[in-house]
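Visitor: One structure is given below, represented as structure tokens, and several questions about it will come after.
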Amino acid sequence: DDARVVERFNTTVELTPDNPAGYTNLAAAYYMLGDFERAGEAYEASLALAPTRTVYTNTGLMYYYTGRFDLAVEMQQRAVELAPEDHRIWGRLAESARFVTGMEEQTQLAYQRAYELATVRLRINPRDADTIGHLALYAAHLGKHAETDALLVRGFDVARDDPDMHYFAAL
């Protein structure tokens, strides 16, 4: 029962208010329920105790899903500071920034960095369907349409039944 999960994580937070993991788990429970507002609040509480890349990027996602793109950009920028080699965070930064007026250049730079990092990662594991899908998305936003198509074909060759590949193709 979803309500019981939230209730239990609220109890965890009450009993150990100085434990950032309690807030992070509470936020995840709210996220799974689609309550992005409360998820964001719980992530913010976790950040106040112990900022991490994961919590910054998840907080950014909550802001993104609630349409507060400027705050999403701020959180993703902080995540990038902690994990500058993670293509996914650069991609989330670009996705958030593209909805903020005046950030067109920063958006393209973030997509380019995400593209570069994903390309390196794919050299390590050429069959990583998740990275192939992300790389296709970055290539599409950079206007590399032939490469996007080739990456999607490659991704479906690797993981035809993976729902994430269908998601990336739809994007």
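Visitor: Filter segment 155-171 down to residues that are assigned to a helix (DSSP H, G or I) and under 24 Å from Q108 (Cβ atoms) and give me whichever is least open to solvent (accessible area, probe 1.4 Å). Steps first, please.
Guide: Taking segment 155-171 as the starting set, the residues that turn out to be assigned to a helix (DSSP H, G or I) are 155-159, 163-170.
This time we only want the ones that are under 24 Å from Q108 (Cβ atoms), so: 155, 167-170.
Numbers: G155: 0, Y167: 128, F168: 19, A169: 43, A170: 88 Å².
By that ranking, first place goes to G155.
Visitor: Oh, and also: Among the numbered conditions (1) surrounded by fewer than 24 Cβ atoms within 10 Å (Cβ to Cβ); (2) closer than 18 Å to G67 by Cα, tell me where H87 comes up short.
Guide: (2)
Visitor: In segment 37-53, which residues are of a type outside the set (K, R) and open to solvent by 60 Å² or more (accessible area, probe 1.4 Å)? If you could, list the steps in order and put the result at the bottom.
Guide: Filtering segment 37-53 for residues of a type outside the set (K, R) gives 37, 39-52.
Matches in segment 37-53: E37, E41, E44, A48, L49, P51.
Visitor: For I124, state whether it is of a type in the set (V, I, T) and open to solvent by 20 Å² or more (accessible area, probe 1.4 Å).
Guide: yes
Visitor: Evaluate the following for T12: is it assigned to a helix (DSSP H, G or I) and either of a type in the set (S, T, Y) or open to solvent by less than 60 Å² (accessible area, probe 1.4 Å) (or both)?
Guide: yes
Visitor: Just to be sure I understand, how many residues within segment 126-145 are in a helix (DSSP H, G or I), under 25 Å from F99 (Cα atoms) and either modelled with pLDDT under 95 or not hydroxyl-bearing (S, T, Y) (or both)? Let's see the steps before the verdict.
Guide: Of the residues in segment 126-145, the ones in a helix (DSSP H, G or I) are 129-141, 145.
With the extra rule that they be under 25 Å from F99 (Cα atoms), the set shrinks to 130-141, 145.
Among the residues that remain, those that are also either modelled with pLDDT under 95 or not hydroxyl-bearing (S, T, Y) (or both) are: 130, 132-137, 139-141, 145.
The number of residues fulfilling the criteria is 11.
Visitor: What residue, of G60, G102, is within 23 Å of G133 (Cβ to Cβ), of a type in the set (G, A, S) and either open to solvent by 10 Å² or more (accessible area, probe 1.4 Å) or free of Cβ contacts under 8 Å to residues at least 40 places away in the same chain (or both)?
Guide: Numbers: G102 fails: within 23 Å of G133 (Cβ to Cβ).
G60 is the lone residue from the list that is within 23 Å of G133 (Cβ to Cβ), of a type in the set (G, A, S) and either open to solvent by 10 Å² or more (accessible area, probe 1.4 Å) or free of Cβ contacts under 8 Å to residues at least 40 places away in the same chain (or both).
The values are calculated or read from the model by the stated rules, or taken from the named source; none is laboratory data. Everything numeric here is computed off the predicted structure, so don't read it as measured data. In this analysis, Cβ positions are derived from the backbone assuming ideal geometry, glycine residues included, and neighbour counts consider all displayed protein chains. Ligands, DNA and RNA are excluded from the accessible area calculation, which covers all protein heavy atoms including side chains. Shrake-Rupley method; radii C 1.70, N 1.55, O 1.52, S 1.80 Å.
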